[in-house]
Amino acid sequence: MTIQYLFQSLPMLVTEKIIEYLEGRPRNYYDDDINKHNETKRIIYPLLSVGEVWCEAALISICDNCEVVFNDAGGVFDVNYPTWPAGFSYSQFPRDKLVKRVVLTASGWNDMVNKHNNETIAWSQYNGAIFLSATNLVVKLNKSNSFSHLSAAKLKARSSHEAIDSLARSIRRLTPAVTGVSVVAISVNATHKSHREVCVMLVSELCRGSVTRLDVGFQVDSPMLSLRLYDVSGLASITQGTNVVCCLIARLAYLNAHTLKELHITPSTQDDWAALIKCGSLAPMVYTSLVSLSMDIANTVSANGWTTVEGSVPFPVLVKLAISGAYPFADDTLFRGNRDMLLTLSLPFDAIAKNALGRLGVLKRSGITRMNSIHIVQIPNTYEPTPSDDLVREQMHRILESSTILKLGCDPRYGIPLNRQVFNAL
């Protein structure tokens, strides 16, 4: 038996593990940028000619995502696989059944909504593809002139709402098993009320059913988008993308507090932070299921301390806490009731400079168990005070006592070295 024969007769599980190694990630892991995710697929092209098992294993990876493009002229959807090798034919391979992520590009989404009968969109035009295994849906909305002719009154009309609802149902038919929805509004006019209303309606409708993960963002150079998604419930994961008004995402998190497990949010004011905890005049919320909280706070945020309701315990089961950018918090709200639960902590040096860990007693032995990892990151901050060597030394010693792994680094966006006081304290 030759080595070549043995190589070609390896079990499918083994070949899949080798392909995972070549791509540098597990099969079910997706980069936020689908193009980046697809870049590694070219590495496995040579395996298509090795043998039947290797070819099939490679195609499973190649077909893990697809792009569905709405054709304005024909009123139908076209499906393409961006990493399918040019000139390669494997007609018996069930591509549609292997897709895990569908990227829907709607370059003329006003035409999609304005269709008089969206429910009868000719699915047969793209070979009847319905992606039964897809769990992630990415919707990209283009065209800045979409809905410019519609008034707010028309959008509130029953017929307009039914059209958007019909469109959402059609998309859900395409991906009936989806649990995660990402909406990227690329060039919709956020200053136009009708545009905002349509975004809210469409996102709300797409989140019906079994959807538990929501990621919504907007074009970087556009005005902030207000998404009042007050009727979306049962979410386990929320990610605030770029140029989305934070206090409204905080309110959405507040309304889903009992099911939410992961939250990535970018607060920039005391009001944003307060909306997450008490949502205006409402009672302080307890996030009974939240195990991962990530906050990206611009380093230009005012140094004025953010506080919340004294004695409230909003995050009692938090396991992972990651703060990047500035550290504007003046109390220990983030650490109340969870010090024996935290396993991973990432903080900017700003927190060390303000003696946040020492002043608030965050790392006292009596209140915290040993963490798996603590990460201290340095960024430029015009408000950052110059701490004494003693304060830095005391906090770093506490960190060394409380963590199995200590990581020191700088934010790659700025490329500046970590403060010398941290190294001197070790």
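Close amide H pairs (under 5 Å, H built 1.01 Å from N) link residue 139 with 104, 182, 183, 184, residues at least 5 positions away or on another chain. Electrostatic tally near residue 18: other residues with Cβ closer than 14 Å to its Cβ, Lys and Arg +1, Asp and Glu -1, net -1. Taking amide H as placed 1.01 Å from N in the peptide plane, residue 77 has its amide H under 5 Å from the amide H of 71, each at least 5 places away in sequence or on another chain. Summing +1 for each Lys or Arg and -1 for each Asp or Glu among the other residues whose beta-carbon sits under 11 angstrom from that of residue 306 gives -3. Using the beta-carbon distance between residue 86 and residue 282 and R0 = 60 Å, what value does 1/(1 + (r/R0)^6) give for FRET efficiency, to the nearest 0.05? Here the calculated transfer efficiency is 0.60. The value of relative contact order for segment 267-364, using C-alpha pairs under 8 Å at least six residues apart, is 25 percent.
Beyond a 29 Å Cα-Cα separation, which of these cross-linked pairs lie in this structure: 41/261; 17/140; 261/364?
In this structure, 41/261; 17/140 lie more than 29 Å apart at Cα.
In this simple spin-label approximation, residue 22 and residue 310 carry label points 7 Å from Cα along the Cα→Cβ vector, and these lie 6.4 nm apart.
If you take all other residues with their beta carbon under 9 Å from the beta carbon of residue 103, and give Lys and Arg +1 and Asp and Glu -1, the sum is +1.
Once the Cα-Cα distance is subtracted from the 0.36 nm per residue extended length, the residue 50 to residue 133 segment shows a gain of 27.2 nm.
A short reminder: the numbers here are calculations on the coordinates, not readings from a lab. Keep in mind that what you see is a predicted model, and the values were worked out from it rather than measured. Positions of Cβ are generated from backbone atoms using ideal geometry, with glycine treated the same way; all protein chains shown enter the neighbour counts.
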